[in-house]
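No value in this document is a laboratory result; all are computed from the given coordinates. Predicted, not measured: the structure shown is a model, and the values here were computed from it. Please note: Cβ atoms are built from the backbone with ideal geometry, for glycine as well, and neighbour counts cover all protein chains shown.
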Amino acid sequence: MNLIKLKLKNFLSYKDSTIDFKESGIYAVYGKNKQTGSNNGVGKSTIKEAIQYALFGVCRVGSIDDAIRFNTNEMSVLIKFKLNDEDIIIKRSRERNKSTKLVLFIDKIDVSQKSIKLTDECIQNLIGIDYEKFMHSFCFGQSEYDDLKQLTSAKLIEFLKSVLKLERFDLYLNKVKELKEKNNDKINRLLGMKDSYSKIVDVNVNKKDLAKEIEKSLGKLEKIKKKISPVSEEHDKVCNALNEVKSDLRDKNKNRDRLVNELNHINKSSTCPTCKQELLNDDLKDSLSKNIDTIKKVLIKLEPKREKLSIKFTDLDEKLEELNSTIIEQDNNIVELKTKLKMSLQNKVDIVEVNKEYTRALSARAILVGLVEIFNSKGLPLFVLNNYIPKLEFLVNDMLERVCDFKIHLITTKELKSKETRNTCEIKLTKGDRVYPLENLSNGEEFLITLSFRIGISKLYKAETKFETLILDECFGSLGSSNRRKVLSLINSLEKDFKKIIIITHVDEIREWRKPHKIEIEKDKDISNIVQNNI
């Protein structure tokens with residue numbers, strides 16, 4: 001994705017602005033608030049947010065209506081970019097309190113789908129990346145850097161699986177498991193046919209006797225079903241009554257506890273439990289004691305009723321379970337009898353063909369079991385992961401070499417105390433010949449390593465996608481002058497890898513850098529405008 005143009009209309013602080021990115025290279029975005037003279041809060045990061053919104057429909061506001069500029073009713077963001085020599089235009093618009101609209105053009109042909117969801121899927125398939133992957137690779141947002149110390153083995157593996165699209169192997173695995181299950185059902189069915197055939201041959205079943213036995217069993221089944229209906233009705237009735245009694249007991253106990261607490265309060269402080277005023281007589285105390293005694297009498301009556309209903313409910317429950325078990329048993333018996341009758345009416349079963357089919361199904365099972373092993377997490381996905389980890393390690397260290405003395409190593413196996421090894425993916429940092437704990441890194445060092453790691457991820461992604469735009473939003477503020485120069489040198493070296501590199505910054509040193517194309521923003525009376533777009 002080679003960004004060409006971004007057009008904002010009533011989006012956040014912008015009224016109507018167009019930003020051109022016609023030429024390849026580095027773009028520095030900076031600005032100033034005309035009223036306050038501040039470099040912050042002028043709408044620089046809004047450019048990044050507009051790109052996110054246009055591509056993925058994601059915006060930092062709680063409700064998308066909040067992205068519509070104050071005192072206006074409609075906003076839109078249009079993004080134009082090149083992809084495989086095709087001109088792509090995406091326009092996402094919103095009218096306040098109404099639905100969002102999304103249109104997609106490829107070489108001036110409207111290819112929008114029937115719904116926003118389907119059009120979003122089409123866009124993601126085009127650019128080969130979703131929002132989460134975009135934010136962990138090609139877009140470095142303010143305060144959005146991953147904490148290197150928090151990048152555990154499990155998180156790193158899941159992240160790399162996402163980068164390498166290993167989730168496709170999960171789809172293959174689920175499909176193979178589905179085929180394996182169907183094949184197992186087929187094997188069981190063929191085994192049943194073989195078993196039934198042998199029984200018919202051995203017993204020499206009489207067809208008339210079988211038909212009479214089926215009819216007799218169906219009659220028994222009907223009688224059992226008639227018995228179960230009144231039992232089920234009584235079971236429901238007792239269940240409802242028991243629940244009512246239990247609910248009544250809970251309410252009475254809760255009310256009694258409340259009254260006891262109030263009485264204890266009076267005994268302790270001689271004040272009203274509600275208004276906290278001193279009591280002049282024992283009327284309230286006597287009333288509470290009387291009410292507590294009344295509730296206790298009701299509870300004494302309710303408890304035997306609950307116990308009686310519980311016993312009856314248990315008896316009915318067991319009776320229902322027994323009747324249902326009898327029905328299942330009778331059903332199975334009828335199925336078996338019908339199978340015998342069907343096979344006997346066929347006069348003969350082609351047992352030779354059944355055996356051949358059974359042998360083929362067993363062979364297929366062996367193949368499917370092998371495919372499950374191939375597609376599970378320790379099979380082909382692990383092979384791909386182990387193949388790409390050295391590539392990522394090389395890319396990250398290539399970045400690190402330009403900004404600091406550290407090297408990163410991605411450890412893929414770990415020896416346990418039992419001397420066995422298990423698969424893992426952990427970050428080990430070295431400085432010279434010494435292993436350097438992540439906990440000992442300064443903020444500046446951790447930033448440089450994290451930035452190098454994510455640019456390495458971006459370059460790895462770039463090999464899998466057609467994304468050619470890199471966004472850096474306010475990533476220089478915490479760095480000293482020396483480290484800033486190193487990062488600028490690193491960014492400068494990335495021009496051969498990315499068609500567009502957008503740097504959003506308030507740091508004067510970056511603004512005064514001669515090389516980038518300049519995009520200057522001025523905010524006046526809460527409205528942001530592009531006042532300079534030198535390309």
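Summary table
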{"read-out": "Structure-based [θ]222 nm, the chain - -39500 (n - 2.57) summed over DSSP H runs of at least 4, per residue, nearest 500", "value": "-19500 deg cm²/dmol"}
{"read-out": "The chain - charge dipole about Cα centre, Lys and Arg +1 at Cβ, Asp and Glu -1, debye rounded to 20", "value": "760"}
{"read-out": "Fraction of antiparallel bridges per DSSP, the chain only, in percent to nearest 5", "value": "70"}
{"read-out": "J(HN,Hα) series, segment 29-37, from Karplus relation 6.51 cos²θ - 1.76 cosθ + 1.60, nearest Hz, glycine and proline x", "value": "10, 9, x, 8, 7, 5, 7, 9, x"}
{"read-out": "Amide hydrogen neighbours beyond the local backbone of Glu468, cut-off 5 Å, H modeled", "value": "Asn2"}
{"read-out": "Using alpha-carbon coordinates, inclination of helix 283-345 to the longest axis of the chain, degrees", "value": "80"}
{"read-out": "Selection from Gln113, Leu102, Asn40 lying farthest towards where the dipole of segment 1-140 points positive, charges on Cβ", "value": "Asn40"}
{"read-out": "Gain on full stretching of the segment that runs from Val352 to Lys296 - 0.36 nm per residue minus C-alpha separation", "value": "12.3 nm"}
{"read-out": "Residue pairs, from the table Lys15/Lys114; Lys5/Lys108; Lys15/Lys523; Lys44/Lys499, whose Cα atoms sit over 18 Å apart", "value": "Lys15/Lys114; Lys44/Lys499"}
{"read-out": "The chain, relative contact order in percent, only Cα pairs under 8 angstrom and at least six apart counted", "value": "27"}
{"read-out": "Amide proton proximity set for Ser112, modelled H, under 5 Å, gap of 5+", "value": "Leu104"}
{"read-out": "Extension gain (nm, one decimal) between Val384 and Glu318, 0.36 nm per residue minus Cα-Cα", "value": "18.2 nm"}
{"read-out": "Extension gain, Glu329 back to Ser481 (0.36 nm per residue minus Cα-Cα distance, nm)", "value": "46.4 nm"}
{"read-out": "Student exercise, segment 205-345 dipole from Lys, Arg, Asp, Glu Cβ charges, in Debye to nearest 20", "value": "440"}
{"read-out": "From phi via Karplus (6.51, -1.76, 1.60), per-residue ³J(HN,Hα) for segment 387-392 in Hz, x at Gly/Pro", "value": "6, 8, 4, x, 5, 5"}
{"read-out": "Positive-end residue of Asn71, Asn184, Ile157, charge dipole of the chain with Cβ unit charges", "value": "Asn184"}
{"read-out": "Backbone HN-Hα couplings from phi across segment 479-496 [Karplus 6.51/-1.76/1.60, Hz, Gly and Pro as x]", "value": "9, x, 4, 5, 5, 4, 5, 5, 5, 4, 5, 4, 4, 4, 6, 8, 4, 6"}
{"read-out": "Range of Cα positions in the chain per principal axis (Å), largest first", "value": "101, 98, 59"}
{"read-out": "Contact order normalised by residue count of segment 205-345, Cα under 8 Å, 6+ apart, percent", "value": "48"}
{"read-out": "Between segment 22-76 and segment 264-298, the Cα center-to-center distance that results, in Å", "value": "65"}
